[in-house]
Structures are given as C-alpha cells and as structure tokens.
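Here is the structure we will look at.
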Amino acid sequence: MLVAAAPAAAAAPAGQDPWKAAITDAALRGHVAVLASDTFRGRFPGTSGEDSTLAYLERQFKALGLAPAVNGSYRQEVPLVRRTVRPTPAIRLTRTAGAAGTGELPAIRWGDDLSLSATVLDTALAVHGAEIVFAGYGISAPEMGWDDYQGVDCRGKVVFVLATDPGRAPPDSTLFGGRALTHYGLTATKQEMAAAHGAVGLIVMHDPDVVGFPFDILTAAVGRAKYDLAPAPGSQPRTPFAATVRKEVGLALLRAAGLDPAHEMGAAGRRGFHGRALGIAIDLAASITVERARSYNMLGVLRGRTRPDEVVAYSAHWDHMGVGVPVAGDSIYNGAVDNASGTAALLMLAGAYRDSGRPPARSVLFWATTCEEQGLLGSYWYADHPVFPLAKTVALINMDALFPFGADDQMVVTGFGQSELEDLLAKAVAPEGRTIAGDDSPETGAFYRSDHYPLAKKGVPAIFAIGESKADTTQRRRLMRYVTSGYHKPQDELTPDWDTAGILQDVRCYYRLGRMLADGTSWPNWRATSEFRAARDAMRR
C-alpha cells in the first residue's frame, strides 16, 4: 500500500493570501497519484481498495487538523446489501395469446443488450410469462396533470419505459423541466412508480443521445457486485428488478408489437398519452448472491470559532468502479478524474482553512462519501442519519469529477437557477476571471447524479459547479474525448498531459464560497420556484 503524508504547506508568496499555498499543482497531483494508483484497485467499496482509501484519508484528516466527526471517529458506517447477479440470466420473449404483433421478437443478450439489477433479498429472481406494458415515460404526476398509467393494469406485469422525462421530444418547455431533466426522469423514481402500480419489473430503454453516455458504460458493471442500502422500516417499495436495454433492443421490441417506434415515442412525450400492453411476455430467471456488507463515509470537521453548531459542508465521493471488464488490456478502473480529483480538492480545501490563520465562525465539515457510483448510497444514508442536524447545515458544496484540461472562463452550475447560493458563487468566481453559467446539457440530469442531491431532497441548499471553458475548442474536444474514452473506463488515469490550472481555479472558488458562508450569518435558501424550497422552509421553521 502506498503511504503518503499530507503535502507540507508551502510558504505563501509575498502579498498572496496564505490559504492559497495549500492549493497547488503538486498537492493535487500528489493526492491523485495515490488515490488513482493501481495499488488502490479502483477504490471499490468492500475491497482492499476501500481499506487503502480510508486509511489514506484518515491519515490526511489527522495531519490536516480535522477533528473526528462521528463519536470520536472519522468513519460513519453505512449498512449495505451486496448483490451479484451470476451469469448468465435466462431471458426469453414470447407472444401472449391473441397478440396482434407479427414482427420478429428481439433476442436479448445479458450484458451486451441488457443490464440487470435486483432489489430482492432472495438468491433467485424469477419472472415467468409476465406481459410487457409500454408506459411511455412511466410517470404519474397528478400535480402536472400527467399519468402514463391511467387505465392500464400493471399488476404482475413488467413495465417498459423510455429514459428521462417529457419535454424534449417533441420539445415543449411547459412539460416537466422542458429540456432539463426532473426527478421524475430518474430510473429510481420510475421503479418506485412501477411498484406502486403493482408491476414486478421495470425495463428502461437507454438512449445515449438523451442520457449523455453510451450503453457500454453500463456493460462494464455487468456481473459485478452491486450495492444497495440495507432495507429499513419505511423504505419506498421498488419492483423486484430493474433492467436497462440498449436502444436498438427497445425499438425492436416496439416494432415486434406492430408499433411504429417513432410515433410511439413522440406520442409518449405529449399530454394525453396512455400506456398499452404489447402482447409480448418475458421470462427472466437469474441466480443472485446476496450478502450483508458495510462501507464508510469519512467525516472530519473544523470546529467553528463562535457558532460551532452551524455547519458548512464540502463533499466529494472517494469510491470508484474497482476492477472490471478489461479495456485495451487494462482492468483497473482508477477513477483519476472521477473522483480522485474531487477527493484531492477536499483535502486541499482542508489545508487552505488550516493555513488561513483564522478559524471560521461556523464549523466546516469535510465529507468523503461512499458508494456514489452505486447510486449515491453514502449520501442517502447521511441524509437520513446526519451527524450534524440538517436544519443547522447552512449549505453543501459538492465536488465531483474536476476537469484537468486547462484554465476556464466559466463555472457551470448544474440545476442552474434553483439556489440563492449562485449569487454568492458569482462573487467567489470573479477573482478568477470567471462568470457562472447553466449546464449546456440539462437533459442528462447531472444535478440528480451526484452526492448533493439526497441532501437537496431534504431541503439543504446545495450547489454542484465545475469549471469549463466554452470558448476554448481544444478544451471542449478534450472534455468530449474524456466522456467517450475515459469516463468509467480504465483509461481514467493521471497522465503527464493533465493541465490542472482549471481544477486549481475550481478549488479556490470553492474556498471563497465556503468561507463567505462559514464567516457569515446568512442562511441562503432555494429560490421560490425550486422544488426543494418547501422542505427547507419547513426545516428552518
């Protein structure tokens, strides 16, 4: 195991704020070199990679002067269930009696065409002759006058749905978030809704043009352990299984039912759509290894000088994908950008507060989350079991996958327009010559795919912003190349061509924003139009 001490604080150049001395290229590369090394085996929870990562973070937290935040420990236990779908599940489609469709039924190959996850605690998953119902986007939202399930009997059936939510195809800014994804478009929400209507399974058609990443990203995890939070009283019911299929398979399924896929997908995006049975049944059987497990959030705190019970939090997930399917002969998913970069930023920020020479008025929490890649599990657990009361948590600043492609002129905010924190962020980025902007691709739902979201659902004001350069075409090409060739692949490694200027800008912006909050007395809120405002108002009352 690699052993490294916290990088020593360099003396700040004359006239420079002392806190900036902790935010350097050397410190960033030093942390990433360790966390994204082959020795750490891709930082997968429940493996030696987790042991190495937690030990490293514990040493760093101690060296940085952070106090243990969890009853004298840095570790918050997160109880889990680990499921492994063993190869190869049997998947077969047949026609139901009297079915009108005549098209050829698609063959579905596990792994190549379908990614499967289970929620059962049994060691076997079996669905026999369950009719497939096409339910459009699989959304029931009475407050929006929308119900894809109206008039459709889904009891004992499998629901087949499109990814994301209406508003994009056809374009209609009056539906849900328009082009931007809402929580109704999340697979987890669709699974809960399908279960509420009596379905025994959910199949989602993956559309890479909408969700923002290729189906092959999902195949990398096929056959590997998948974590879930251990069941608890009051947990939202979900269907026994959820599957994602390649777009070509989903289109073939509609054609086999005698339907025109383009027409059906267009109709699903308009008001008045109603689901229908496809006249096709599915048999699915899989063996599952089910084990109880645990992982850990890491929490260190810098106690506030005058209002220690009020907390400003920084978060970054320490976990990644572990060891998996080889790509170009490499099977270790190192996760240098995602998210050794954010974890390194967390440690540099702790060093910046240490080196500032003035303790903040409010406490500052440095939180390295677990199981983000498994569905934000560590964050969901903390949201339900907070170490510091959520009503006393001023804000959360989340860091996930910072881009090593050079200096940036903008700070892109996911979920732009939701939070009053954006007003403070605009001030924090100005010294870097930056402005703030919204996400160019809100349809991919980045706001709902990182660790700030579970706390946002509870009402805690949270912001997730990353530097980007919209004017520099070279940087944009490097970013797109990372998305297609590095994201969730073994090729996400620390390489000599990393240009960390933009990441260092990010970290300085995060520091200024957190410092304004930690030294201030204000309680920024969600904007009046935000879906999270009511929860925060109730919490603060």
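No value in this document is a laboratory result; all are computed from the given coordinates. Note that the structure is a prediction, hence the values are computed from the model and not measured. We place every Cβ from the backbone using ideal geometry, glycine too, and count neighbours over all the protein chains shown.
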Taking Cα pairs under 8 Å and at least six residues apart, what relative contact order does segment 82-290 come out at, in percent? 42
Restricted to the chain, the DSSP antiparallel beta bridge percent, nearest 5, is 60
Out of 332, 120, 253 - ranked by how far each Cα lies towards the positive end of the dipole of the chain, with unit charges on the beta-carbon of charged residues - the top one is 120
Least to most buried among 128, 197, 206, by other C-beta atoms within 10 Å and fewest first, runs 128, 197, 206
Once the Cα atoms of segment 303-404 are picked out, what are the Rg and Dmax in Å? 16.0, 55
Segment 49-126 to segment 507-535: how many Å between their Cα centroids? 33
Return the ratio Rg/(2.2 N^0.38 Å) for segment 110-210, where Rg is computed over Cα atoms only. 1.12
Using per-residue counts of other Cβ atoms within 10 Å, averaged over each peptide, order 451-457, 260-266 from highest down. 451-457, 260-266
Ranked by how many other beta carbons lie within 10 Å on average, peptides 60-67, 184-191 from highest: 184-191, 60-67
Exposure proxy order (Cβ contacts within 10 Å, fewest to most) of 495, 96: 495, 96
Counting DSSP beta bridges with both ends in segment 82-290, the antiparallel % (nearest 5): 70
Least to most buried among 531, 420 (fewest other Cβ within 10 Å first): 531, 420
Seen from all sides and averaged, what is the projected area of the convex hull of the Cα atoms in segment 82-290, in nm²? 11.1
Pairs to check: 157/247; 190/458; 62/458; 190/457; 20/62; 157/190. Give those whose C-alpha atoms are more than 24 Å from each other in this structure. 62/458
Reduced to Cα centres, the span from segment 132-207 to segment 290-321 in Å works out to 33
For a label point 7 Å from the Cα of residue 276 along Cα→C-beta, name the residues of segment 79-97 whose backbone N is under 18 Å from it. 95-97
Here the relative contact order (percent) of the chain, from C-alpha pairs under 8 Å and at least 6 apart, is 20
Just to compare against my own numbers: the Cα pair-distance distribution for the chain, 20 Å bins, whole % per bin, please. 22, 55, 22, 2, 0
Mean Cβ count within 10 Å, highest first, over the residues of peptides 467-473, 240-246: 240-246, 467-473
Rg (one decimal) and Dmax (whole number) from the Cα set of segment 407-541, in Å, equal 16.2, 52
Using a simple spin-label model with points 7 Å from Cα along the Cα→Cβ vector, what separation in nm is obtained for residue 144 and residue 122? 3.4
Short version: ³J(HN,Hα) in whole Hz for each residue of segment 312-318, in order, from phi by Karplus 6.51 cos²θ - 1.76 cosθ + 1.60 (θ = phi - 60°), x for Gly and Pro, what are they? 9, 10, 10, 9, 7, 8, 8
